[in-house]
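One structure below.
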């Protein structure tokens with residue numbers, strides 16, 4: 001069996017249950033009744049009809065014409081349905097998981113639909129056409145574009161890509177190569193002319209940009225650049241002669257994406273991405289940006305604003321032209337604690353509770369409001385019931401069991417199975433980790449969180465905040481606070497060996513330059529401090545410097 005055969009899904013085989021359309025005219029009429037104002041219903045109907053179409057015997061030419069009509073409405077519906085699960089905390093709830101599964105399934109049906117139009121060595125559904133190479137290129141490019149959509153939606157959902165995805169992606173591209181149509185341009189709707197090679201490269205560039213580390217707007221920007229510039233990258237049978245630009249290597253028989261690691265031996269299934277032209281293009285843009293040219297003038301996107309645009313372009317340059325992102329090498333502690341268990345607690349209020357061992361109260365014995373209580377004040381004008389906040393066994397305060405998969409002095413990579421269930425996590429959230437060696441809690445900020453490719457575990461990378469954290473009480477010493485007079489905070493002492501100044505972590509909204517607040521580290525011992533600069537901001541905290549008065 002050839003790689004072309006491997007790329008194919010099940011062949012059309014029955015006329016018993018035909019779709020509602022089997023030609024262009026009936027497809028146009030059906031699309032007029034598609035309820036685009038109800039994306040979920042439209043998605044269900046598209047899935048139903050596309051599934052029936054994939055099981056119905058139909059000529060390649062007519063099938064491609066139908067797919068061309070479906071392409072834009074389907075893309076619109078999928079973009080609307082993406083909002084139901086993109087960027088949500090992980091793991092998903094049942095509704096979000098169902099929405100994600102439905103979107104992925106519809107894209108996969110579209111892949112299968114195009115593959116039924118791809119000539120194979122087995123001769124399945126082949127026919128004489130006026131332009132057989134054009135048909136094959138259209139089918140391969142359409143299938144690869146749908147694979148790109150599967151990949152991008154998974155990135156938006158923070159789901160790691162399964163090995164079966166890469167196996168199918170490589171097989172489709174190899175099929176286009178064997179048919180000698182990988183570089184034949186075809187119409188791709190609103191996106192102009194595309195080739196199978198550029199669609200294939202686009203997916204590999206996005207994967208090389210470590211998309212799970214990006215926030216939603218960053219991901220959209222990088223995905224747009226990968227699409228715009230994929231045509232600048234050539235797929236070669238041999239390593240590029242110019243070694244000044246590292247090349248990405250692909251094994252078409254593997255179940256992995258491209259890598260900068262070069263293979264130990266040659267193989268006819270190896271391909272290399274020549275990134276030299278892309279490197280020159282990005283470098284020119286960086287130089288012109290430093291000279292004052294705007295992102296729009298440099299064709300980087302209308303919604304790409306400084307200084308975020310320049311930072312993201314530099315990151316893309318490192319990922320695509322300089323051998324990828326460099327992780328800090330693991331230190332001795334990585335060896336000592338590799339594959340060990342730990343405990344994790346997330347959320348500003350829960351962390352503060354575990355550090356203190358009790359709920360913080362004011363001088364009258366009332367519970368001091370934390371981040372969620374402040375949100376309730378802003379929304380309802382009062383604090384709702386605390387829901388068992390003083391109970392260590394309440395779901396919001398319980399410690400979760402995680403396993404350390406990897407560690408270096410600056411960060412951790414943790415994982416836990418979906419069962420038993422735990423709290424949902426999101427990027428930039430504050431967490432605290434406690435090892436089983438009794439060393440106490442270490443604060444960290446979630447760098448990224450993702451579902452495993454098998455969807456049975458949550459994986460998180462935590463950037464550690466140096467210093468032993470201490471729970472504190474903060475009090476408003478003057479006008480200008482958007483919150484009540486008292487709240488909870490965390491104190492991190494200075495770390496001389498890392499050049500880190502002492503800092504405080506306060507709930508969102510407390511930071512204001514030169515603001516004076518009262519800080520109580522020990523009960524009854526208060527001191528006024530002046531807030532300095534904002535060190536960093538997370539979803540549920542602000543880290544600030546300060547000076548004592």
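The values are calculated or read from the model by the stated rules, or taken from the named source; none is laboratory data. Keep in mind the model is a prediction, meaning the values are calculated, not measured. Here the Cβ positions follow ideal geometry from the backbone for every residue, glycine too, while neighbour counts run over all protein chains shown.
Miscellaneous remarks
- Applying a threshold of 9 Å to beta carbon distances and a minimum spacing of six or more residues, or different chains, the list of pairs starting in region 71-97 at a residue that is farther than 25 Å from residue 428 by Cβ and ending at one that is at pLDDT 95 or above and not in a helix (DSSP H, G or I) reads 73/34; 73/36; 76/36; 77/34; 77/36; 80/36.
- Answer from 248, 270 - the residue that is buried (at least 18 other Cβ atoms within 10 Å of the Cβ), farther than 28 Å from residue 192 by Cα and in contact with a strand residue (DSSP E or B) (Cβ under 9 Å, 6 or more places away or on another chain): 270
- For residue 258, the conditions (1) touching a strand residue (DSSP E or B) at 6+ places or on another chain (Cβ under 7 Å); (2) farther than 16 Å from residue 205 by Cβ all hold with the exception of (2).
- Selected residue [modelled with pLDDT of 95 or more, in a loop (DSSP other than H, G, I, E, B), assigned by TED's automatic domain parsing to the domain that holds residue 81 and more than 27 Å from residue 181 (Cβ to Cβ)] from 36, 46: 36
- Pairs where the first residue, in region 187-199, is on the phi < 0 side of the Ramachandran plot and the second is at pLDDT below 85, C-beta under 9 Å, 6+ apart: 194/188; 199/188
- In region 70-86, the residues that are over 14 Å from residue 103 (Cα atoms) and crowded, with 16+ Cβ neighbours inside 10 Å: 70, 71
- Taken together, 432, 450 contain a single residue that is over 25 Å from residue 104 (Cα atoms), in contact with a helix residue (DSSP H, G or I) (Cβ under 7 Å, 6 or more places away or on another chain) and not in a loop (DSSP other than H, G, I, E, B), which is 432.
- Screening 7, 94 for residues that are closer than 23 Å to residue 119 by Cα and either modelled with pLDDT of 95 or more or in the same structural domain as residue 175 (by TED's automatic domain parsing) (or both) leaves exactly one candidate, 7.
- Residue within region 165-179 that is surrounded by fewer than 22 Cβ atoms within 10 Å (Cβ to Cβ), closer than 25 Å to residue 456 by Cα, in contact (Cβ under 8 Å) with a residue 60 or more places away in the chain and touching a strand residue (DSSP E or B) at 6+ places or on another chain (Cβ under 8 Å) present: no
- Of everything in region 209-245 that is in contact with a strand residue (DSSP E or B) (Cβ under 6 Å, 6 or more places away or on another chain) and in a helix (DSSP H, G or I), the residue that is surrounded by the fewest Cβ atoms within 10 Å (Cβ to Cβ) is 213.
- Top-ranked residue in region 149-164 [being in a loop (DSSP other than H, G, I, E, B) and in contact with a helix residue (DSSP H, G or I) (Cβ under 8 Å, 6 or more places away or on another chain); ranked as surrounded by the most Cβ atoms within 10 Å (Cβ to Cβ)]: 158
- Residue among 205, 219, 237, 300 that is touching a residue at least 40 places away in the same chain (Cβ under 8 Å) and over 18 Å from the mean Cα position of the chain (by Cα): 300
Residue-by-condition table, conditions (1) over 24 Å from residue 191 (Cβ atoms); (2) over 18 Å from the mean Cα position of the chain (by Cα); (3) in a helix (DSSP H, G or I):
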| residue | (1), (2), (3) |
| --- | --- |
| 51 | yes, yes, yes |
| 56 | yes, yes, no |
| 63 | no, yes, yes |
| 73 | no, yes, yes |
| 77 | no, yes, yes |
| 84 | yes, no, no |
| 99 | yes, no, yes |
| 104 | no, no, yes |
| 110 | no, yes, yes |
